[in-house]
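A.B. asks: Please find one structure pasted underneath; my questions will follow.
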Amino acid sequence: MILKFSKNSKTKIDEILERYPNKQAATLPVLFIAQREFGHLSREAMEAVAKILETSYAHVYGVATFYTLYNKKPVGKYHVQICGNLSCSIMGGENIQEYLKKKLKLNFGETTQDGKFTLSSVECLASCGTGPAMQINEAYYEKLTPEKVDEILNSLK
Amino acid sequence: METILTPNFNLPDSHTLPVYEKTGGYKTLHKLLKMRPDEVIEEVKKSGLRGRGGAGFGTGLKWSFVPKDPPGPRYLCVNADEGEPGTFKDRALLEKDPHRLIEGSVMCAYAIGAAVGYIYIRGEFDLPYRRIEAALQEAYQKGYLGKNILGSPFSFDLYTHQGAGAYICGEETALLNSIEGKRGEPRIKPPFPAISGLFGAPTVINNVETLSALPYIIEKGAEAYASIGTPKSTGTKLFSVSGPVKKPGVYEVPLGYPLRKFLDEYAGGLMEGKILKAVIPGGSSVPVLTAQEVEEVNLDYESLQEHGSMLGSGGMIVIPDDFCMVHALEILAHFYSHESCGQCSPCREGTAWIYKILKRLEKGQGTPEDLDLLIDISNGMAGQTICVLSDALAMPVKSFLAKFKNEFEEHISLGYCPHRASFRTSGAPTYLSSDQLLWSPRFQSL
Ligand SMILES: Cc1cc2nc3c(=O)[nH]c(=O)nc-3n(C[C@H](O)[C@H](O)[C@H](O)COP(=O)(O)O)c2cc1C
Ligand code: SF4
Ligand code: FES
């Protein structure tokens, strides 16, 4: 199947291309646009990126696999990313990690059957002073307690 | 104390242009544009400003390496990749005062003759990204950015470039590759970026906090800046403090401030019932200080170095008495082994081995030989590689083992982690309710 960018995304990509002296430099931002549009970076999505940037699939694949924010596999509607680094751990982050695993019945890297939640352990989110911290999709949640986690997860429909 | 970086932090809507302008923001651009670029560089040199991204290199000196009239373009890259565990000060600057960074960036670009700049911002950052994007738009509308800034012949375009989740892209040459749309692998130096950087052109890479100090330096002059701090460590520095202190957060202090006093007066001291064991003063890559050393050291480049540590990024992690040092180091080793880009074998293999050994030590399955092995591996990792990520794990390993060896030995002799006895016996962690958790829910931040 050949994937095509929407008109909207194409306009955005044209705008971005103006910022750089060559097309390849836009690989990172265009991969983000592809991920937003196609859900995750399948081979077809990466081929669409290669085509629009006039570069090779191999280049795009090499870049996409280097960075953790590009999802090469589908992720749930809500990607729960809990910090496992030092400051958060000192503030009880490991309890929150275990609590999330138990509550969602997931190990890190897994997605619920209904496709609603994916759970990941991530590195420092630069929220160390307000840890334990997690990020769900774009939003940061800080100073977590089990009660707060319950509240947050219940609010996600 | 006079603040240089954070005077607006407590003003409502401090991130907006009207508030920045009302407090004198962008006024100094008129003065800047009347100076010659080499005068600007000279002023920054005289101020003694050093890079706040971690390495502490003289900012004016770095700029002076950029060729004056190269045939092609020159670039500025703003390092807003903030990923060093324990560090969250650039995030505060981006969220609370993005215009100060933009004004500082214009000043640097003018000095080095760059017509284009990129703000390389961590991909995880959402609010900081929205704030800087909005601020850029405001600045363009008012003619502080773009063609013929304030009617002068100087033009400068500044764009954001979002990272995608790789700590190594904070390293300046990896950052360049990442802006070029490549894998974020550090480059072999030389050539240094000032000669051949972004797209092969002369480039300056500066940290958010470094650039945010420039409006003050250009407005008030190098001497005013240099009169703050110590003779060798001039000016102020942001420290982001985390761990069980009463008031974790981001604070601006004059360099040379005593660490103990900082912890008590700014961070509010330790939480009730917590005893200080150690402090990592400058982000996870720097050697750890014992509670005793905390009493003696001042927050400046020289004093920290004399005590075997470094100022680094100013990401201060406070470790309490009841937190296991073997586990703390295990967490850091996991981080560096996960973030190694894999180009150099001492780093790729060394970080992975150190993590593996620490994992077994933490479980109580280590041997006394493991401790020697850790030192051997660390010695083989430092100074052998393309970038210093490798040293960034080797240094903490050596300092943890030198200063807290007793805890490692205790794990070996007991056969388990004394701090985690409950984890071990129950076979599974216990779920604490929030009133039993380690932190006070009311603490104040930022
Ligand atoms: C592994 C690694 C990660 C780094 N991460 C950052 C970072 O997130 N932010 C930053 O400003 N500097 C970081 N640095 C330092 C940069 O390489 C560079 O020295 C700095 O951006 C220069 O700016 P300054 O002189 O204004 O400090 C990192 C260095 C290494 C080796
Ligand atoms: S030292 Fe490590 S992170 Fe740096 S270039 Fe080598 S392998 Fe990559
Ligand atoms: S250690 Fe968790 S956000 Fe920094």
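The values are calculated or read from the model by the stated rules, or taken from the named source; none is laboratory data. Remember, it's a predicted structure, so these values are computed and weren't measured experimentally. Using ideal geometry, Cβ is built from the backbone for each residue, glycine included, and neighbour counts are taken over all protein chains shown. To get the accessible areas, we keep the full protein, side chains included, count just its heavy atoms, and leave off ligands, DNA and RNA. Shrake-Rupley method; radii C 1.70, N 1.55, O 1.52, S 1.80 Å.
A.B. asks: Could you list which residues have their amide H under 5 Å from that of B:G308, counting only those 5 or more apart in sequence or on another chain, with H placed in the peptide plane?
C.D. replies: none
A.B. asks: Ranked by accessible surface with a 1.4 Å probe, highest first, in what order do B:D81, A:D150 come?
C.D. replies: A:D150, B:D81
A.B. asks: What is the projected area of the convex hull of the Cα atoms of chain B, averaged over all directions, in nm²?
C.D. replies: That works out to 21.1 nm².
A.B. asks: Could you work out, for segment B:226-359, what percent of all Cα-Cα pairs fall into each 5 Å distance bin, beginning at 0 Å and stopping at the bin that holds the largest distance?
C.D. replies: Spelled out per bin, shortest first, that is 2, 11, 18, 20, 18, 13, 10, 7, 2, 0.
A.B. asks: Mind grabbing the accessible area of B:R130 for me, 1.4 Å probe, Å², rounded to tens?
C.D. replies: Its heavy atoms expose roughly 130 Å² to the probe.
A.B. asks: Return the tail of the calculated pair distribution for the protein assembly as shown, meaning the percent of Cα-Cα pairs more than 44 Å apart.
C.D. replies: I get 16 percent for the Cα pairs in the protein assembly as shown exceeding 44 Å.
A.B. asks: Give, in nm to one decimal, the length gained when the segment between B:K46 and B:T23 is fully stretched (0.36 nm per residue of separation minus the Cα-Cα distance).
C.D. replies: 5.7 nm
A.B. asks: Among bridges DSSP assigns within the protein assembly as shown, what percent are antiparallel (round to 5)?
C.D. replies: Taking every DSSP beta bridge with both residues in the protein assembly as shown, the antiparallel ones total about 50 percent.
A.B. asks: What fraction, in whole percent, of alpha-carbon pairs in segment A:7-66 exceed 12 Å separation?
C.D. replies: The proportion of pairs with Cα distances above 12 Å equals 62 percent.
A.B. asks: Could I have the simple spin-label model distance between A:E18 and B:S345, label points 7 Å from Cα toward Cβ, reported in nm to one decimal?
C.D. replies: If labels sit at A:E18 and B:S345, their model points lie 5.0 nm apart.
A.B. asks: What is the Cα radius of gyration of segment B:288-424 over 2.2 N^0.38 Å, N being its residue count?
C.D. replies: Ratio of Cα Rg to 2.2 N^0.38 Å: 1.06.
A.B. asks: Here is a further query. Collect residues whose amide H, placed 1.01 Å from N in the peptide plane, falls under 5 Å from the amide H of A:H79; neighbours closer than 5 in sequence don't count.
C.D. replies: When sequence neighbours closer than 5 places are left aside, the close amide H contacts are A:T118, A:N137.
A.B. asks: Something else: What ³J(HN,Hα) values, in whole Hz, does the Karplus curve 6.51 cos²θ - 1.76 cosθ + 1.60 give for segment B:249-265 when θ = phi - 60°, with x put for Gly and Pro?
C.D. replies: x, 10, 10, 9, 10, x, 4, x, 5, x, 4, 4, 5, 4, 5, 6, 7
A.B. asks: For all pairs of alpha-carbon atoms in segment B:276-355, what percent lies in each bin of width 10 Å, listed from the first bin to the last filled one?
C.D. replies: P(r) for segment B:276-355, in whole percents per bin: 19, 41, 31, 9, 0.
A.B. asks: Please work out the Kirkwood hydrodynamic radius for segment B:86-186, using every pair of different C-alpha atoms, and report it in angstroms with one decimal place.
C.D. replies: 14.3 Å
A.B. asks: Kindly work out what percent of the DSSP beta bridges joining two residues of chain B are antiparallel, to the nearest 5.
C.D. replies: Around 45 percent of the beta bridges assigned by DSSP in chain B are antiparallel ones.
A.B. asks: Considering only the other residues whose Cβ falls under 10 Å of the Cβ of A:G84, what net charge follows from Lys and Arg at +1 and Asp and Glu at -1?
C.D. replies: Neighbour charge sum, excluding A:G84 itself: -2.
A.B. asks: Separate question: Can you tell which of A:N137, A:N95, A:N22 shows the greatest fluctuation in a Gaussian network model of chain A with Cα springs below 10 Å?
C.D. replies: A:N22
A.B. asks: Okay, moving on. Scan around B:Y75 for amide H atoms under 5 Å from its own, H built in the peptide plane at 1.01 Å from N, and keep only partners 5 or more places away or cross-chain.
C.D. replies: B:T203, B:V204
A.B. asks: Follow-up. Which whole-number value in Å² is the accessible area per residue of segment A:7-66, probe 1.4 Å?
C.D. replies: 49 Å²
A.B. asks: Further, regarding this structure: How big is the Cα convex hull of segment B:369-413 in projection, averaged over all directions, in nm²?
C.D. replies: The directionally averaged projection comes out at 3.0 nm².
A.B. asks: Now for a different question. Can you give the convex hull volume of the alpha carbon atoms of segment A:78-156 per residue, in Å³?
C.D. replies: 76 Å³
A.B. asks: Using a 1.4 Å probe, how large is the accessible area of B:Y266, given in Å² and rounded to the nearest 10?
C.D. replies: Here the residue's solvent-accessible area equals roughly 50 Å².
A.B. asks: What accessible area, in Å² to the nearest ten, does a 1.4 Å probe give for A:T11?
C.D. replies: Here the accessible area works out near 80 Å².
A.B. asks: Nearest 10 degrees, 0 to 90: what angle lies between the long axis of helix A:57-66 and the longest principal axis of chain A (Cα atoms)?
C.D. replies: Helix A:57-66 sits at roughly 20 degrees to that axis.
A.B. asks: Would you jot down the residues in segment B:143-187 that end up with at least 30 Å² less accessible area in the complete protein assembly than in the chain alone, with a 1.4 Å probe?
C.D. replies: Those are B:Y159, B:H161, B:Q162, B:A164, B:G165, B:G181, B:K182, B:R183, which lose 30 Å² or more relative to the chain on its own.
A.B. asks: Right, something else. Relative to 2.2 N^0.38 Å, what does the C-alpha radius of gyration of chain A come to as a ratio? Two decimals please.
C.D. replies: 1.19
A.B. asks: With a 1.4 Å probe and all protein chains kept in place, how do B:V288, B:V116 rank by accessible area, largest first?
C.D. replies: Sorted descending by solvent-accessible area, the residues read B:V116, B:V288.
A.B. asks: Run the reach check for A:K51 against lysines, Cα to Cα strictly under 17 Å, same-chain hits fewer than 8 apart removed. What comes back?
C.D. replies: Within the straight-line cut-off, A:K51 pairs with A:K4, A:K7, A:K10, A:K12, A:K23, B:K182.
A.B. asks: Mind ranking B:K398, A:K102, B:K232 by accessible surface for me, highest first, 1.4 Å probe?
C.D. replies: The most accessible residue leads, giving B:K232, A:K102, B:K398.
A.B. asks: Am I reading the A/B interface right? What is its buried accessible area, both sides, 1.4 Å probe, to the nearest 100 Å²?
C.D. replies: Counting protein atoms only, the buried area is about 4600 Å².
A.B. asks: Could you give the nm distance between label points at B:F57 and A:K148, where each point is 7 Å from its Cα heading toward the beta carbon?
C.D. replies: Once both label points are built, they end up 3.9 nm from each other.
A.B. asks: Which ³J(HN,Hα) values, rounded to whole Hz and listed in residue order, are derived for segment B:401-416 from phi using the Karplus coefficients 6.51, -1.76 and 1.60 in 6.51 cos²θ - 1.76 cosθ + 1.60 with θ = phi - 60°, glycine and proline given as x?
C.D. replies: 3J(HN,Hα) across segment B:401-416, in whole Hz: 5, 5, 9, 10, 4, 4, 5, 5, 5, 4, 4, 5, 6, 6, x, 7.
A.B. asks: Moving on. At 1.4 Å probe size, with every protein chain present, just tell me what the per residue accessible area of segment B:1-77 comes to in Å².
C.D. replies: Value returned for segment B:1-77: 51 Å² of accessible area per residue.
A.B. asks: Using a Förster radius of 45 Å, what is the FRET efficiency between B:E219 and B:E265 based on their Cβ-Cβ separation? Nearest 0.05, please.
C.D. replies: Efficiency computed from Cβ-Cβ geometry: 0.95.
A.B. asks: Counting only protein heavy atoms and a 1.4 Å probe, tell me what percentage of chain B's accessible area is made up of carbon and sulfur.
C.D. replies: Answer for chain B is 52 percent, counting heavy atoms of protein chains only.
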